[in-house]
Structures are given as C-alpha cells and as structure tokens.
1. Criterion first (modelled with pLDDT under 95, more than 16 Å from the ligand (Cβ to nearest atom) and aliphatic (A, V, I, L, M)) does L173 satisfy it?
2. Any residue in region 160-181 that is in contact (Cβ under 8 Å) with a residue 60 or more places away in the chain sitting within a Cβ distance under 7 Å of a residue that is near the ligand (Cβ under 7 Å from one of its atoms) and assigned to a strand (DSSP E or B)? List the pairs, counting only those 6 or more apart or interchain.
3. Please go through region 135-149 and pick out each residue that is among the small types (G, A, S) and either closer than 18 Å to G35 by Cβ or within 16 Å of the ligand (Cβ to nearest atom) (or both).
4. Go through (1) surrounded by 20 or more Cβ atoms within 10 Å (Cβ to Cβ); (2) within 30 Å of V99 (Cα to Cα) for A148 and report which single condition fails.
5. Could you list all residues from region 116-138 that are touching an Asp or Glu at 6+ places or on another chain (Cβ under 8 Å) and either of a type in the set (K, R) or at pLDDT below 95 (or both)?
6. Any residue at all in region 111-133 that's within 16 Å of the ligand (Cβ to nearest atom) and buried (at least 17 other Cβ atoms within 10 Å of the Cβ)?
7. Among the listed residues R179, R207, R193, identify the single one that is part of a loop (DSSP other than H, G, I, E, B), among the charged types (D, E, K, R) and modelled with pLDDT of 95 or more.
8. Are any residues in region 151-165 surrounded by 14 or more Cβ atoms within 10 Å (Cβ to Cβ) and within 10 Å of the ligand (Cβ to nearest atom), and if so, which ones?
Amino acid sequence: MSDRSSELTNSPTHQIATSRHRGWIEVITGSMFSGKSEELIRRLRRAQIARQRVQIFKPLIDNRFSERHIVSHSEMRIESENVRNSDELVQHVHDDTEVVGIDEGQFFDANLPAACNTLASQGKRVIVAGLDQDYLGRPFEPMPQLLAIAEYITKTLAICVVCGDPANHTQRLVASSDRVLVGASGLYEARCRHCFDPHLAGEPEKR
Ligand SMILES: [Zn+2]
C-alpha cells in the first residue's frame, strides 16, 4: 500500500499537497421503491456530463429489465457492465476511470467493502447503491460493512403503501424463505416500521 496513512496530519500544507487524492466511498441505501437506483443514475449522469470517466457495474445475478443497463423503477437507465463478483469488478476498472458506480451492492460477496476501499485508495470516487435490509428486516451483507467504511451515506426512504408514513422496510408479499427473490414486480411493497410484517412471507430461512 502507499505511505499515505503515515502522513496523516491536519496541517493546511498537507491538505494542499493531497488535494489530488480524490478517492472516497458514497453509499445510497434503503428499502425497495425508495429511489436508490434513480439517485445512483442521477449522480453518475452528473459525472458523465462533466466528462469524467465513469464505469458502472452490477452483479450478474440481476438480469431483470435489461442486460447491459441499470434501470430504475421509473425507467431511468444507464449503461453498465455485468460482473460475477467483487474481484472481477476491480479487475474490470480501468486505470484512468474516475468514477465507479455499483448497483445492487447487497448481491455482491463479502469482499465488496475491500474492493471499494482499493478503488477509493486509487483516487476513484466509488458510489454504491443497495438494499440495507432483507425481507425479514435483517441487515443485508455486505451493505452494513460498507456503510461502516463509507465517507458519505444517503439513506433513502419509500412511502408506506398501507399508511403513507416514511417506509424503511421491504415487505415480501408471497410465501418464500429464499433470501433472494429477484425482480418481478408485485412480489414486494414498501412499508413503515408499524405496517411491516416479516411473518407474512413465511418462516425465516435457516442460516
Ligand atoms: Zn405504514
């Protein structure tokens, strides 16, 4: 690794000297229907408009809507590359890439936080969107680990379809104990803390 950590100091000289070290991690997280992908696409578009070199990735597991795009529920879309895991993601990032966008972070492996650290340490702005909880309301790895190391966190809330309060939960509407049930609208809706019912989807899976 670099010797950057050994030169940590708050002196103004240091700040000027390291102003070209631009890397950091942003996380956009919340329930389904809270606008995570929209917000990710919005930030990436701004970077593209500023002619920054942008690369966008999503995990291969998510084939809904479009093969080579990230698509929000509101039909915003942006071109993306599919990768099988976080190691492959790091390998696919070009040296001159300035901004790395990652969607569906919760479907990546446990190495995603380390991969994002690597890219941020190379001076890249890394923006990750992903679900923070699964259908039972449990933290959805590796997002909690990513939140712990991110410089910037945006928590997005949906609106509860039952009562209209801010919604922090993804309610599964069909019985299934699979943690991942990809795609298909009608399987999920946004609910607030009080209207959320994890048992509606059946018993928790054994882990
Ligand atoms: Zn509610």
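1. When the stated conditions are applied, L173 does not pass them.
2. These pairs meet every condition: A167/R191; H169/R191.
3. Listed by number, the list holds a single entry, G137.
4. (1)
5. Selection gives K124, R125.
6. Yes, region 111-133 contains at least one residue that is within 16 Å of the ligand (Cβ to nearest atom) and buried (at least 17 other Cβ atoms within 10 Å of the Cβ).
7. The unique qualifying residue is R193.
8. I159, C160, V161, V162, D165
The values are calculated or read from the model by the stated rules, or taken from the named source; none is laboratory data. In this text the structure is predicted, and so the values were computed from the model without any measurement. Backbone-built Cβ (ideal geometry, glycine too); neighbour counts: all protein chains shown.
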